[in-house]
1. So what is the relative contact order for the chain, in percent, with contacts set as C-alpha pairs under 8 Å and at least six apart?
2. Nearest 10 degrees, 0 to 90: what angle lies between the long axis of helix 311-321 and the longest principal axis of the chain (Cα atoms)?
3. Based on Cβ point charges of +1 for Lys and Arg and -1 for Asp and Glu, what charge dipole magnitude is obtained for the range 1-80 about its Cα centre, in debye rounded to the nearest 20?
4. Go through 117-123, 286-292, 318-324 and give me the packing order, highest mean Cβ count within 10 Å leading.
5. Please name whichever of Ser127, Ala30, Pro108 sits farthest to the positive end of the charge dipole of the range 1-137, dipole taken about the Cα centre and charges placed at Cβ: Lys and Arg +1, Asp and Glu -1.
6. Between Glu65 and Asp192, what is the label-to-label distance in nm when each label sits 7 Å out along the Cα-to-Cβ direction?
7. For the chain, find the longest principal axis of its Cα atoms and tell me its angle to the long axis of helix 2-11, 0 to 90°, nearest 10.
8. Over 20 Å between Cα atoms: which of Lys7/Lys149; Lys35/Lys153; Lys6/Lys75; Lys149/Lys189; Lys238/Lys317 fall into that group?
Amino acid sequence: MIELLKKHVESAKQIVLFGHYNPDGDALGATLGLKSVLRNMGKEVAVIFPNDFPDNLSWLGGADEVLAFSKNPDKSKEILSLADFMVMLDFNDLSRLNDLEGFIPDTPFAMIDHHPLPKLDTPMSFSDTSASSTCEKLTEIIYDASWDKYIDKDAATALFVGILTDTGRFNHNSSNPKTYRMVANLLEKGVDKDAVIDAVFDSYSENRMRLMGYMLNDKLEVFLENGFALMVLSMADKDKFNYQIGDSEGFVNMPLSIAGITRSVFLQEYEDKVRMSFRSKGDIVINDIATEHFNGGGHKNAAGGTSFETLEKTILKLKMVMGIRS
Ligand code: 5GP
Ligand code: MN
């Protein structure tokens with residue numbers, strides 16, 4: 001399979017890389033990492049996402065060239081019409097591209113991902129649920145393809161960001177020694193680990209810190225007997241704290257630090273929907289709930305979904321699904 005990927009990349013001139021809606025560190029890291037590597041091989045490469053990425057990742061090399069389809073539909077369509085090869089990174093189902101889905105051309109593509117139940121069909125499907133992150137899998141593929149000489153500091157940094165964020169700074173999903181072999185490879189390519197941690201995790205606004213305190217104090221509901229905790233961010237809360245995209249990143253994980261809490265859900269209200277983040281610990285499976293009840297999916301311990309009901313109805317439904325009697 002790697003030979004087929006190499007053949008396509010070698011003959012391609014214009015390559016387009018895609019990541020999923022609401023890009024996270026892994027999606028952005030993978031697209032930017034691969035972009036740098038392919039550029040260093042002499043290819044024309046573009047990165048297109050359905051919408052914008054969070055501010056705390058804008059320092060990544062090449063982030064300024066990323067196209068958000070929601071903001072630049074015409075430019076995105078023009079680039080798509082020129083593509084002779086495409087790579088889908090950190091998703092395995094076209095619905096994760098939202099509005100961009102309908103504009104994907106019938107061009108050969110590879111998929112590199114670590115989510116369960118792939119729906120995309122391609123002979124170049126690098127789908128590996130044992131990988132901590134798409135960036136870990138991609139690093140492995142780059143080495144297997146003998147493209148590692150094209151990894152510069154920017155590429156290594158982007159790939160490291162994906163591994164770092166998808167494992168919650170090596171907190172979860174990171175017990176496989178291979179993860180650390182890939183990290184070691186990237187450190188050898190010049191990653192400044194401490195600077196990356198500072199840029200990703202210690203560069204938030206004062207507003208975010210105060211929002212976090214408010215959410216923990218006023219908005220956290222704990223159901224110890226169910227091992228479940230819930231936090232709800234309403235539109236009014238967002239207004240109050242001048243909410244910016246990314247400000248609630250990581251909030252869903254915090255209740256899992258409470259002894260006995262093994263499932264956590266974070267709800268965020270939008271004009272037309274409620275976005276939901278699900279997390280669980282160890283053997284407790286959570287993606288089934290996201291898939292079966294909330295139009296979503298994801299991994300065993302980390303999933304997401306969307307509800308098109310009101311916030312109140314969504315909370316009621318969620319509590320019922322979680323077995324809470326009220
Ligand atoms: P997050 O809570 O960080 O948004 O998402 C957690 C994980 O679930 C990520 O790996 C993400 O790719 C996946 N995920 C989030 N939302 C959705 C969704 O709507 N559908 C599917 N299939 N996966 C999702
Ligand atoms: Mn990922």
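Values in this text are rule-based calculations from the coordinates and carry no lab data. Keep in mind that what you see is a predicted model, and the values were worked out from it rather than measured. Every residue, glycine as well, gets a Cβ built from its backbone with ideal geometry; the counts of neighbours run over all protein chains shown.
1. On the way: 599 pairs, mean separation 43.8, N = 326.
Contact order relative to length: 13 percent.
2. Helix 311-321 sits at roughly 90 degrees to that axis.
3. Numbers: 9 positive and 11 negative charges, 70 e Å.
Charge dipole, the range 1-80, about its Cα centre: 340 debye, nearest 20.
4. Numbers: 117-123: 13.3, 286-292: 18.1, 318-324: 15.4.
Result, highest mean Cβ count within 10 Å first: 286-292, 318-324, 117-123.
5. Of the options given, the answer is Pro108.
6. With each label placed 7 Å out from Cα toward Cβ, I get 2.2 nm.
7. The angle comes out at about 60 degrees.
8. Numbers: Lys7/Lys149 18 Å; Lys35/Lys153 13 Å; Lys6/Lys75 28 Å; Lys149/Lys189 9 Å; Lys238/Lys317 23 Å.
Over 20 Å apart, Cα to Cα: Lys6/Lys75; Lys238/Lys317.
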